[in-house]
Structures are given as structure tokens and as C-alpha cells.
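Quick note: the coordinates plus some simple rules give every number you see, no bench work behind them. Being a predicted model, the structure only gives us computed values, none of them experimental. Cβ sites come from the backbone with ideal geometry, for glycine too, and all protein chains shown count toward neighbours.
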Amino acid sequence: MSNSIIEVSNLSVEYTRNGKKIRAVAGVDIQLAPGEILGLVGESGCGKSTLGKTIVGILKGAEGEVLFNGKSVEKIGRGRRDPHFLNLQMIFQDPYGSLNPRRKIGEQIADGPMIAGVSKSDALKKAQSLLERVGLPANAVDRFPHQFSGGQRQRIAIARALAISPTAIIADEPISALDTSSQAAVANLLVNLVEEFNMGMIFISHDLSIVRRISDRVAVMYLGKIVETGKTEDIWNSPSHPYTKALIAAIPHADGQSFVPLDLPGDVPNPAFPPSGCRFHPRCPVAQSQCSSVEPLKVSLKDGREVSCVLQEAGTMPKAITF
Ligand SMILES: Nc1ncnc2c1ncn2[C@@H]1O[C@H](COP(=O)(O)OP(=O)(O)OP(=O)(O)O)[C@@H](O)[C@H]1O
Ligand SMILES: [Mg+2]
């Protein structure tokens, strides 16, 4: 019996573009425990948003399974009226796009509580107190999204997502569209609220320094697959998968001065034509001949990490790799 609030098993999601099938998510397993922050990282186009949207049920028709509190997300009502659905919320990168420009802020935040059976006046009071909690004036309830800055709008989107005290939240690049000065403030707010409400959160980001600061665990994604998961400090102190090693090596160092760019040969391959065997092999500095034909199995390390690499399976992973 698992105590996960989110349990993703062998999930695959396909798009069709110009008659070609793109397997944007290709057999992913991840779990989220109550109150846990899981950072989901990987280069642009690797499938992070597709995975997030499938988990909350915005994208349907996936293969495999997503369980939310033990219930299949596929079966949860799409009409936002199912209380199960309300308990699983998503915050998007673009807070303007996710708010309705023509409706007052207060009404938009009050929607969730009203669906859950709260009276309109109580729901509006709740909206006011949430707006204050996210650092906005209570009279913001009567204003419209365009009257706020990007950072403020993201605070509004957070207030709306929290209005019915969800048990889990998927935050897809929630701070990357904000100016640098509001990024840290909004990230801190989100983390404080996640703790206060005892929610679990999947935090999708390509900014590894923020992921390191806030996540309990990290999942590293490459071209539709999770190549490594583990506790944040283990991943940072001793990344195992060659791709994780490359990502960590590319992070600016603590002195803020030295910066090693992600220096892998080639670009992320087109997911319509994924490489055979291990999808990372054409860019991997330590690839062996079997890597182009053998799909790596997931190996569990002593510290609880899971790594998908044949070198890990064979016990021949070099400690350090030069990129
Ligand atoms: N609606 C769609 N139709 C067709 N292909 C899509 C669609 N949405 C995404 N894709 C493709 O699926 C793959 C994964 O996209 P996704 O947006 O999930 O990546 P991502 O990791 O979130 O990238 P980013 O960091 O840029 O946000 C990409 O190759 C993308 O081009
Ligand atoms: Mg994305």
C-alpha cells in the first residue's frame, strides 16, 4: 500500500503533428508523497508540461495510469465540479493566460469554494483573506487581471489555486515569466503556502538553483523519460546518470562567478524520431556500444535513488565525467 497522493505508472502521452506521432511522455513512473516538493527538471521540449497536464487531467487519452489519492485521474470529472478534481490544482507559467481578463479577481478566486458548496459571500471573504495572504490588498477582489503586474497576477493565480485547500499542486514554471526581483518572492510564497497547507507539489522548472533550494526530491527528465530520481542533496552531491551529471555541471557555482554551460554534443533529438536504445546515447560522453540498442532498466541505489543507465546496471559508471 503506497502513501503517495500522486502515483504515475508507465505513463505515455502521444501527440500527432503533421501526421507524425510524437511520444512526448514515454513510460514515466513517479510518485508524490503528501507534503513533499518534487522538482521536475529537464531541457525544453523533454515533456515536462505534457506530464504535468496529464497528471491533473487537462490532457486525456494517455496510456498507463495516474492515481490521485488512489483514484484514476481519467475518471475524475473534467467539469471542475468534481471535488476530487478541485483538490488537484495547476499553476501555469503565464499567469495572464490562466486568469479570465473579463472577470473580477474575487469572483475567480471564489469559484472553487462555491463549487465546493460555500456561499457566495463567504467565498468572497475567503478570496479577500487569500489575497492578503499572498501579499495583495483585500480590495483587489473588485479589480481585473490587467490592473496587476505579472508578479501580482501570479500571486492571484496562487490564491485561486489554494482557495479550496488542495492536497496537491502542479506548478509549471510558475516563476520563469516573472522579473528577477519577484521570482524569489513568489517562489518563497509558494513554498511557505505548500508547507502551511501541507500540500504536495510538483515544481516544474529548468532553473536548477531554485529546484535545489526548494525541492525534497528531484526527477530528471530527458526526451520523454525519467532518467534519475532521488533526494535533492543526493542528486546534487553525487549525480549518477550522465545526463544529470551534465545538468548539474552546468549550474552556476555558489560563488556566482563560474558558470559551465550545458555542453553536450548535438541538440535534444526530435521526439518524433527518438534514438534507439537509451535515448540519451547520441549525446552521452560515456556511451558504450550496447547503449544504442539496449533500453536501460531502472536501477535502485542504496540511497533510494533510481537511475536508468546500463552503466549503472553493470556497475561501471565512472565517478566523474568531463563534459
Ligand atoms: N499540442 C501539441 N501538439 C503537438 N506536439 C506537442 C504539443 N505540445 C507539446 N508538443 C511537443 O511535445 C514535446 C514535449 O513538449 P512539452 O511542452 O511537454 O515540453 P516541456 O518540457 O514542457 O518544454 P519547455 O521547457 O519548453 O516548457 C515537444 O516536442 C513539443 O514540441
Ligand atoms: Mg513546459
Cross-link partners among lysines for LYS125, C-alpha distance below 18 Å, same-chain residues fewer than 8 apart left out? LYS104
Amide H of ILE37 versus every other amide H placed in the peptide plane: which residues, excluding those fewer than 5 positions away on the same chain, fall under 5 Å? MET201, ASP216, ARG217
Between 0 and 90°, nearest 10: helix 105-115 axis offset from the chain longest Cα axis: 80 degrees
By the C-alpha gyration tensor axes a ≥ b ≥ c (rounded if a/c is under 1.5, else prolate when a/b exceeds b/c, else oblate), the shape of the stretch 79-171 is oblate
Whole-Hz Karplus couplings 3J(HN,Hα) for the stretch 9-14, θ = phi - 60° and coefficients 6.51, -1.76, 1.60, Gly and Pro as x, run 10, 6, 8, 10, 10, 10
With the charge dipole of the stretch 239-323 built from beta-carbon charges (+1 for Lys and Arg, -1 for Asp and Glu) about the Cα centre, the Cα from GLN312, PRO242, GLY266 projecting farthest to the positive end belongs to GLN312
Degrees, to the nearest 10: 120-133 long Cα axis against longest axis of the chain: 50 degrees
The stretch 239-323: C-alpha gyration tensor shape, a/c 1.5 cut-off, then a/b vs b/c: oblate
Given springs between every Cα pair under 10 Å in a Gaussian network model of the chain, which of GLY64, GLY106, GLY117 has the largest fluctuation? GLY117
Volume per residue, Å³, of the convex hull around the alpha-carbon atoms of the stretch 106-247? 121 Å³
Quick calc, PHE273 & ALA116: beta-carbon distance into FRET formula, R0 56 Å, rounding 0.05, result 0.75
Counting only C-alpha contacts under 8 Å and six or more residues apart, can you give the relative contact order of the chain as a whole percent? 19 percent
Choice from SER121, SER49, SER209 with maximal GNM fluctuation in the chain (Cα, 10 Å cutoff): SER121
ILE22 long-range amide H proximity, modeled H, under 5 Å: TYR15, THR16, ARG17
Starting from the Cα-Cα distance between SER289 and ALA33, subtract it from 0.36 nm times their residue separation and give me the gain in nm to one decimal. 88.4 nm
Out of all DSSP beta bridges in the chain, what portion is antiparallel? Express it as a percent rounded to 5. 60 percent
What are the radius of gyration and Dmax of the chain, computed over its Cα atoms and given in Å? 20.5, 67
Which residue, ASN18, ASN69, ASN198, has the most motion in a Gaussian network model of the chain that connects Cα atoms within less than 10 Å? ASN18
Please pull out the direction-averaged projected area of the stretch 161-244, using the convex hull of its alpha-carbon atoms, in nm² to one decimal place. 6.2 nm²
